[in-house]
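Participant: Mind looking over this structure? Questions follow.
The values are calculated or read from the model by the stated rules, or taken from the named source; none is laboratory data. Note that the structure is a prediction, hence the values are computed from the model and not measured. Reconstructed Cβ throughout: ideal geometry from the backbone, glycine too, with neighbour counts over all protein chains shown.
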Number of protein chains: 2
Amino acid sequence: MRDHFEIRDADAAGRIGRLEVPRADQTVETPALMPVINPNRLTIEPARLEAEFGVEILITNSYIIRETESLREQAEDEGLHEMLRFDGAIMTDSGSFQLSEYSDVEVTTEEIIEFQHAIGSDIGTPVDIPTPPDVSREQATEELATTQQALADAEGIDVGEMLLNAPVQGSTYPDLREAAGDHAAATDLNVFPIGAVVPLMNGYRYDDMVEVVAAAKRGLGVDCPVHLFGAGHPMMLALAVALGCDLFDSAAYALYARDDRYLTVAGTQQLDDLDYFPCSCPICSEQTPADLQSKDEDTRTRLLAEHNLHVTFEEIRRIKQAIRSGNLLELVERRARGHPAMYDGYRALLDHADQLEAEDPVSKGSFFHTSAESARRPEVLRHHKRLDRLAVPAQLLLTEGGAPDGDEYDDAWRVVPPFGPFPRELSDSYPFTATVPDRPDRAGQVAAADGVRVLVEANPDTKFTLAVDDWPADALSRVPDRVTVESLAAIHDDAD
Amino acid sequence: MRDHFEIRDADAAGRIGRLEVPRADQTVETPALMPVINPNRLTIEPARLEAEFGVEILITNSYIIRETESLREQAEDEGLHEMLRFDGAIMTDSGSFQLSEYSDVEVTTEEIIEFQHAIGSDIGTPVDIPTPPDVSREQATEELATTQQALADAEGIDVGEMLLNAPVQGSTYPDLREAAGDHAAATDLNVFPIGAVVPLMNGYRYDDMVEVVAAAKRGLGVDCPVHLFGAGHPMMLALAVALGCDLFDSAAYALYARDDRYLTVAGTQQLDDLDYFPCSCPICSEQTPADLQSKDEDTRTRLLAEHNLHVTFEEIRRIKQAIRSGNLLELVERRARGHPAMYDGYRALLDHADQLEAEDPVSKGSFFHTSAESARRPEVLRHHKRLDRLAVPAQLLLTEGGAPDGDEYDDAWRVVPPFGPFPRELSDSYPFTATVPDRPDRAGQVAAADGVRVLVEANPDTKFTLAVDDWPADALSRVPDRVTVESLAAIHDDAD
C-alpha cells in the first residue's frame with residue numbers, strides 16, 4: 001500500500017479509496033472530482049462548493065496566480081485557503097498546460113514548487129511537458145525524458161507535508177505510457193496525473209483514451225492514486241473509474257455554462273435546444289429551460305454551472321454506489337450507449353479484460369447480461385482461464401436444460417451463456433448467479449461455445465455431450481468436432 | 001385525429017400529445033404520469049404534487065370512495081376536486097382491479113360511471129375484467145366479451161363533459177389484444193387503457209409486455225391516447241412510450257417508499273443497500289442515505305416518495321426531450337442496459353421495427369449507432385425497403401472508403417454500416433448523417449451486407465463491386481456471389 005492512499009473497495013479496476021492530504025488535515029474519498037477554480041473568476045464560491053456540493057478537494061493554477069501580481073501578493077500574504085475561502089484540500093497545477101498552449105513558460109520546477117509550497121498548496125505539481133497525441137515517437141520520447149527530469153527535480157525539493165504530483169506522459173504510445181507509469185511509481189512522489197488526454201476527449205477518441213490509460217495503469221500498478229488530468233465530463237467518468245482512475249477535475253462545469261452548454265451523462269446539450277430538463281437537481285426541478293433562457297447572463301451562467309456540477313457529482317455518487325454494489329461494469333455498459341464514441345471506449349476497455357480481471361473481485365453483486373459486450377467481461381474470461389482446473393469424469397454431459405437421456409453420463413454440468421459449462425455445485429457462486437436474458441444472445445452463445453472448447457481441449461480423455469437450445473452456426477462451429485451435440489429444442493419438440 | 005387528443009410531435013411510435021379534458025377545463029401534455037392517490041392515505045398532498053412536481057392529472061379509485069361511507073359522503077357533498085384539493089384533471093378507476101383481486105365487486109358499469117360523474121370525475125372508467133396473462137384462450141375470449149359489453153354499456157350513459165376510458169384486454173393473446181384495440185377504437189369512448197399488464201411487469205416479462213402493447217396498438221391505431229395501466233416505474237417508461245403509450249400511473253412512488261424502496265431508471269434499490277444517492281433531486285442532494293435512514297418512519301416514507309416522484313418525472317421530461325430531439329430510440333437503447341429483462345424488452349420492440357417504421361418520422365436528429373441492436377432499428381429497415389426505388393447505372397461501385405481503382409465504374413456509392421449502400425447525394429440526409437462507431441461492429445456489417453443484397457437482387461442487370469474493410473465471414477456470406485468483393489484493408493496495406 002502506497003503512503004497517503006488506501007483502497008477500501010474495488011470493482012473491475014475501479015476503487016473507492018482514501019487519499020490522505022496531511023497539509024490540509026483532510027482525507028479525501030475517491031473517486032473524487034476536483035472543481036477547477038479560476039482565481040480570476042469564481043463562478044461558484046468555493047465555500048458554496050464545500051457546503052452545498054460536498055466538495056472535499058479543488059484544483060487551481062499556481063502559474064496564473066504567480067503571474068498575476070494582485071493574486072500573487074494576496075496568496076503569499078494570506079495563503080491559498082484564506083484567499084479562496086476553502087477549508088478542504090487544494091491541489092495546484094504548475095503552468096504545464098500554459099506551456100503546452102503557448103510554449104513559453106518561464107518557470108522551473110524548483111521555482112514553481114517552492115511557490116506552491118509558499119502559498120499553502122496541499123498538492124503541488126512540477127513543470128512537466130504535456131505531449132499531445134499522435135506526435136512522432138522521437139518527440140514523445142524526448143519530452144518524456146524532460147518530464148522525468150522534472151519529477152527528479154521535484155523529488156529533491158523539501159516540501160514538508162505538501163504532496164506532489166508525478167505526471168505520466170508519453171503521447172499515444174502505449175509502451176511509453178507504461179514505462180512512464182513505471183518510472184513515476186518508482187519515485188517518492190504521491191499522486192499520479194495521466195496527462196495530455198484532453199485532445200483525445202475533445203476528439204471523442206474514447207477508445208484511444210482507454211489505450212493510454214490502460215498502458216499508464218500497467219506501469220503504475222494498483223497502489224498509486226491516479227488523476228485523469230482534464231477529465232470531468234459525467235459521460236465518461238464511469239469508464240475512467242473502471243480503468244482505475246481516482247481523481248478528476250472539471251473546468252467544464254463553468255466553461256460550458258458560459259457557453260450555455262448543459263451537461264448530461266449522455267453528452268452535452270445546448271440550452272437553446274432543450275424544451276424540458278432531463279434532470280431533477282435543485283436547479284432543474286424548479287425551473288424550465290424557458291425560465292432559464294430568460295435570465296440575465298450572469299444568473300444563467302451561475303445556474304447552469306450549478307446544474308453542471310450537480311449532474312457531475314450525482315454521477316460520482318452513482319459510481320461509488322456501483323463499486324459498493326459490485327456493478328460498476330453494468331454502469332459502464334449503460335454509459336457506453338450514450339454516444340458511439342463511448343461504445344468504442346467500452347469495447348476498448350473490454351480488449352483489456354485480462355488487465356481488469358487481475359484486480360476484479362472474485363465475488364460481487366449479480367452479473368447482468370445486457371448486451372453482446374457483456375460476453376467479453378472479465379468474469380467470463382476468468383472462468384475460461386480456470387476451466388482447466390476443474391476435475392471432470394469420463395463421460396460428461398454439458399446442458400442448457402435437461403438431459404437428452406439421463407443415465408449414460410457420469411455427471412451433468414450446466415451450460416449458461418456467456419459463461420459456458422460449470423459444475424452444478426457452483427450455481428450459487430458468482431458469476432453463475434448472473435441474471436441473463438430470456439431471449440438468446442448470439443454473442444453469449446459464442447462465448448459459451450468458447451468455454452466448451454476450453455474445457456474439452458483441457459480434458460482429452462473425457463467423452464463430452466453438449467445439449468443446447470438453438471445455437472447459431474458460428475457458435476456451434478467453435479465446439480470441437482469430437483463433442484456430441486444434441487439439440488434441446490428438438491427434444492422439446494418431441495415432447496410436444 | 002380523435003376528439004380530445006392531438007399529436008404534436010413524434011419519434012418511433014412515441015409522441016408528445018395534448019389530451020383535452022373538458023370537464024377539468026385542462027389540457028394535459030402527454031406522455032404524462034398520473035400519481036395514484038389513495039383517498040384513505042395521502043402520502044404527498046395533491047396540492048403539493050401540483051405546485052412542486054407540476055402534476056396536471058392524477059388518478060384515484062371511485063370504488064374505494066363509494067365503499068367508504070365517510071369518503072363517499074364527502075365526495076358527493078364537495079366533489080372530488082375539493083375533497084382532494086386538486087385543480088388539475090382527475091381520472092377515476094372503477095373497481096376492476098378490486099374485481100380481479102377479490103372477484104366480488106358488486107357494482108355495474110352504469111352504477112359506477114354514474115357515481116364517478118356525480119362526484120366530479122373528469123375521466124371515468126367502466127367495470128372491465130382485467131384478464132391476467134397466460135390464462136386459457138377460452139377464458140380470455142369470454143372475459144373480453146364481458147369487457148366489450150361494459151364498453152357498450154358505458155357508451156349508452158349520458159356523462160356530459162366527462163371523458164370515458166375504454167379498457168383493452170385479451171390476456172397474452174396478441175390477436176385478442178389487437179381485436180380488442182380495434183373494437184375499443186370503434187367506440188365513442190375517449191381514452192384507451194391497456195389493462196392487466198402489471199403481472200407481466202412484476203415478473204420482469206418486458207418482452208411479453210411489448211408483445212401485448214404492440215398488438216393492442218395495431219388494433220387501436222395511431223390516433224387513440226393510450227394508457228398503460230399500472231405502469232409507472234421509471235425504468236420502463238421510455239420503452240413504453242416508444243411503443244406509443246401516452247399515459248402512465250404510479251402507485252409505486254408511495255407504495256415502494258413505505259417499503260424503503262428507492263426508484264432509479266436502472267431498477268429499484270433498497271434504501272438499506274445504499275451508501276450514496278445516485279440522484280441529485282432536492283431530497284438526494286441535501287442528505288445521505290444514512291441521514292434518511294435515521295429519520296422517523298413517516299418522514300422517511302414521505303421523503304422517499306418525493307424522491308421516487310422526482311426521478312419518475314425527470315424521466316418523463318427526458319423522454320419528452322428525446323422525442324423533441326428525435327432520439328427516443330437512443331434513450332430506449334440506454335435503458336435496455338438497466339436489466340437483462342429490459343434488454344429482452346428492447347429486442348422485442350425491434351422485432352416490431354416494421355410497426356415502428358410506419359410512424360417513425362423520415363427525418364429527425366442524428367442516428368447514434370451504439371450497439372448490435374442499433375442495426376435493427378426502423379431506419380435501417382426503411383432504407384432496405386426503399387433500396388429498390390433507387391436508379392443504378394450499369395457498373396456500380398459500393399465502397400466503405402476509396403475506390404480500388406477509380407475509372408471502371410459509372411458511379412460510386414457509399415457503404416456505411418448498419419445501413420449498407422446509398423448514393424453519395426444522400427449523405428446529408430437522415431439517417432445517413434448517423435454517428436457511427438470507429439471500431440467495426442459485426443451486427444452493423446451484417447445489416448449493411450443485407451442492404452447490399454437487397455440492392456443487388458433488385459438490379460439484376462448491374463455489375464456490382466463491393467469494397468469493404470475487414471468484414472466478418474458471416475457478413476460477406478450474405479452478399480450475392482455475383483458481386484466482386486474487394487478488400488480496402490488490402491489496398492491500405494499495399495499503400496503502406
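Participant: Among the residues in region B:172-188, are any touching an Asp or Glu at 6+ places or on another chain (Cβ under 8 Å), buried (at least 24 other Cβ atoms within 10 Å of the Cβ), farther than 16 Å from B:Pro225 by Cβ and among the hydroxyl-bearing types (Ser, Thr, Tyr)?
Facilitator: no
Participant: For region B:45-87, what are the residues that are touching a helix residue (DSSP H, G or I) at 6+ places or on another chain (Cβ under 6 Å), part of a loop (DSSP other than H, G, I, E, B) and closer than 18 Å to B:Ala251 by Cα?
Facilitator: Correct list: B:Val55, B:Phe86.
Participant: Can you find a residue in region B:274-294 that is at the interface with chain A (Cβ under 7 Å from one of its Cβ atoms), under 16 Å from the mean Cα position of the chain (by Cα) and at pLDDT 95 or above? Show your work before the answer.
Facilitator: Going residue by residue through region B:274-294, those that are at the interface with chain A (Cβ under 7 Å from one of its Cβ atoms) are B:274-282, B:285.
Imposing the further condition that a residue be under 16 Å from the mean Cα position of the chain (by Cα) reduces the set to none.
Looking through region B:274-294, none of the residues is at the interface with chain A (Cβ under 7 Å from one of its Cβ atoms), under 16 Å from the mean Cα position of the chain (by Cα) and at pLDDT 95 or above.
Participant: Among the residues of region B:375-431, which ones are farther than 19 Å from B:Phe464 by Cα and of a type in the set (Ser, Thr, Tyr)?
Facilitator: Selection gives B:Ser427, B:Ser429, B:Tyr430.
Participant: If you don't mind, another one. Given (1) at pLDDT 95 or above; (2) surrounded by 24 or more Cβ atoms within 10 Å (Cβ to Cβ); (3) more than 11 Å from the chain's Cα centre (by Cα); (4) closer than 19 Å to A:Pro31 by Cα, where does A:Ser250 come up short, assuming only one miss?
Facilitator: (1)
Participant: Take the residues of region A:23-54 that are among the hydrophobic types (A, V, I, L, M, F, W, C) and free of Cβ contacts under 8 Å to residues at least 60 places away in the same chain: which is nearest to A:His233 (Cα to Cα)?
Facilitator: So the residue we want is A:Ile37.
Participant: If you don't mind, there's one more thing I want to ask. Hey, can you tell me all the residues within region B:362-376 that are within 14 Å of chain A (Cβ to nearest Cβ) and in a loop (DSSP other than H, G, I, E, B)? Let's see the steps before the verdict.
Facilitator: Initial filter on region B:362-376 (within 14 Å of chain A (Cβ to nearest Cβ)): B:364-376.
Once the filter is applied, which keeps residues that are within 14 Å of chain A (Cβ to nearest Cβ) and in a loop (DSSP other than H, G, I, E, B), region B:362-376 yields B:Lys364, B:Gly365, B:Ser366, B:Phe367, B:His369, B:Thr370, B:Ser371.
Participant: Test A:Ile113 against the stated conditions and say whether it is in contact with a Ser or Thr (Cβ under 9 Å, 6 or more places away or on another chain), in contact (Cβ under 8 Å) with a residue 60 or more places away in the chain and among the β-branched types (Val, Ile, Thr). Before you say what the answer is, go through the steps one by one.
Facilitator: Values: in contact with a Ser or Thr (Cβ under 9 Å, 6 or more places away or on another chain): yes; in contact (Cβ under 8 Å) with a residue 60 or more places away in the chain: no; among the β-branched types (Val, Ile, Thr): yes.
The answer is no for A:Ile113.
Participant: Does B:Ala166 qualify as being at pLDDT 95 or above, buried (at least 24 other Cβ atoms within 10 Å of the Cβ) and among the small types (Gly, Ala, Ser)?
Facilitator: On the way: at pLDDT 95 or above: yes; buried (at least 24 other Cβ atoms within 10 Å of the Cβ): yes; among the small types (Gly, Ala, Ser): yes.
In short, yes.
Participant: From the list B:Leu42, B:Leu80, which residue is in contact with a strand residue (DSSP E or B) (Cβ under 6 Å, 6 or more places away or on another chain), among the aliphatic types (A, V, I, L, M) and farther than 21 Å from B:Leu228 by Cα? Show your work before the answer.
Facilitator: Numbers: B:Leu42 fails: in contact with a strand residue (DSSP E or B) (Cβ under 6 Å, 6 or more places away or on another chain).
Exactly one residue qualifies, and that residue is B:Leu80.
Participant: Does A:Leu33 satisfy the condition of being under 31 Å from the mean Cα position of the chain (by Cα) and not polar (S, T, N, Q)? Walk me through how you get there before you give the answer.
Facilitator: Details: under 31 Å from the mean Cα position of the chain (by Cα): yes; not polar (S, T, N, Q): yes.
It is true that A:Leu33 is under 31 Å from the mean Cα position of the chain (by Cα) and not polar (S, T, N, Q).
Participant: Here's a check for you: in region B:105-120, which residue that is more than 14 Å from B:Leu189 (Cβ to Cβ) and surrounded by 24 or more Cβ atoms within 10 Å (Cβ to Cβ) is modelled with the lowest pLDDT?
Facilitator: Looking at the filtered set, the residue picked out is B:Ile112.
Participant: Could you say whether any residue in region A:305-328 is among the acidic types (Asp, Glu), out of contact with any Ser or Thr (no Cβ under 7 Å at 6 or more places or on another chain) and farther than 23 Å from A:Arg261 by Cβ? Walk me through how you get there before you give the answer.
Facilitator: Narrowing region A:305-328 to residues among the acidic types (Asp, Glu): A:306, A:314-315.
Add one more test, that the residue is out of contact with any Ser or Thr (no Cβ under 7 Å at 6 or more places or on another chain), and what stays is A:306, A:315.
Next cut, farther than 23 Å from A:Arg261 by Cβ only: none.
Looking through region A:305-328, none of the residues is among the acidic types (Asp, Glu), out of contact with any Ser or Thr (no Cβ under 7 Å at 6 or more places or on another chain) and farther than 23 Å from A:Arg261 by Cβ.
Participant: Give the residue, chosen from B:Thr399, B:Thr433, that is under 36 Å from the mean Cα position of the chain (by Cα) and β-branched (Val, Ile, Thr). So that I can check it myself, show each step before the final result.
Facilitator: Numbers: B:Thr399 fails: under 36 Å from the mean Cα position of the chain (by Cα).
Among B:Thr399, B:Thr433, only B:Thr433 is under 36 Å from the mean Cα position of the chain (by Cα) and β-branched (Val, Ile, Thr).
Participant: Out of the helices (runs of 4 or more DSSP H) lying entirely within region A:232-301, which hold 1 or more residues that are not aliphatic (A, V, I, L, M)?
Facilitator: Values: elements: A:237-243, A:252-258, A:289-293.
Output list reads A:252-258, A:289-293.
Yes/no matrix, rows are residues, columns are (1) part of a loop (DSSP other than H, G, I, E, B); (2) buried (at least 23 other Cβ atoms within 10 Å of the Cβ); (3) free of Cβ contacts under 8 Å to residues at least 40 places away in the same chain:
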{"site": "B:Pro199", "(1), (2), (3)": "no, no, no"}
{"site": "B:Tyr204", "(1), (2), (3)": "yes, no, no"}
{"site": "B:Glu211", "(1), (2), (3)": "no, no, no"}
{"site": "B:Ala216", "(1), (2), (3)": "no, yes, no"}
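Participant: Kindly provide the set of residues from region A:375-396 that are small (Gly, Ala, Ser) and touching a helix residue (DSSP H, G or I) at 6+ places or on another chain (Cβ under 9 Å), ordered by number.
Facilitator: At the first step, the residues of region A:375-396 found to be small (Gly, Ala, Ser) are A:375, A:391, A:394.
Selection gives A:Ala375 alone.
Participant: Follow-up question, since we're still on this one. Return yes when B:Gly451 is of a type outside the set (Ser, Thr, Tyr) and at positive phi and no when it is not. Please lay out each step first, then the result.
Facilitator: On the way: of a type outside the set (Ser, Thr, Tyr): yes; at positive phi: no.
For B:Gly451, the condition - of a type outside the set (Ser, Thr, Tyr) and at positive phi - is not met.
Participant: Only one of B:Pro199, B:Pro225 is farther than 19 Å from B:Ala12 by Cα and not polar (S, T, N, Q); which?
Facilitator: On the way: B:Pro225 fails: farther than 19 Å from B:Ala12 by Cα.
Going through B:Pro199, B:Pro225 in turn, just one is farther than 19 Å from B:Ala12 by Cα and not polar (S, T, N, Q): B:Pro199.
Participant: Given B:Glu379, B:Glu359, which one is more than 8 Å from chain A (Cβ to nearest Cβ) and part of a loop (DSSP other than H, G, I, E, B)?
Facilitator: Values: B:Glu379 fails: part of a loop (DSSP other than H, G, I, E, B).
Answer to the check: B:Glu359.
Participant: Sticking with this structure for a sec: Under the condition of being farther than 27 Å from A:Phe277 by Cα and of a type in the set (S, T, N, Q), which residue from region A:306-353 is nearest to the other protein chains (Cβ to nearest Cβ)?
Facilitator: Among residues in region A:306-353 that are farther than 27 Å from A:Phe277 by Cα and of a type in the set (S, T, N, Q), the one nearest to the other protein chains (Cβ to nearest Cβ) is A:Ser325.
Participant: Name every residue in region B:121-152 that is in contact with a Phe, Trp or Tyr (Cβ under 8 Å, 6 or more places away or on another chain) and either in contact (Cβ under 8 Å) with a residue 60 or more places away in the chain or crowded, with 22+ Cβ neighbours inside 10 Å (or both), in order of residue number.
Facilitator: Within region B:121-152, B:Pro130, B:Ala140 meet the criteria.
Participant: Collect the residues in region B:441-473 that are within 13 Å of another protein chain (Cβ to nearest Cβ) and surrounded by fewer than 16 Cβ atoms within 10 Å (Cβ to Cβ), keeping them in residue-number order.
Facilitator: B:Pro472, B:Ala473, listed by residue number.
Listed here are the residues, each with its yes/no results for (1) surrounded by fewer than 24 Cβ atoms within 10 Å (Cβ to Cβ); (2) in contact (Cβ under 8 Å) with a residue 24 or more places away in the chain; (3) within 20 Å of the chain's Cα centre (by Cα).
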position	(1), (2), (3)
A:Gln321	yes, no, yes
A:Glu330	no, yes, yes
A:Tyr343	no, no, yes
A:Leu349	no, yes, yes
A:Asp354	yes, yes, yes
A:Glu359	yes, yes, yes
A:Lys364	yes, yes, yes
A:Pro393	yes, yes, no
A:Ala403	yes, yes, no
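Participant: Could you list, in sequence order, the residues of region A:80-94 that are closer than 17 Å to A:Glu45 by Cα and not charged (D, E, K, R)?
Facilitator: Looking only at region A:80-94, we keep the residues that are closer than 17 Å to A:Glu45 by Cα, and these are A:80-91.
Hits for region A:80-94 are A:Leu80, A:His81, A:Met83, A:Leu84, A:Phe86, A:Gly88, A:Ala89, A:Ile90, A:Met91.
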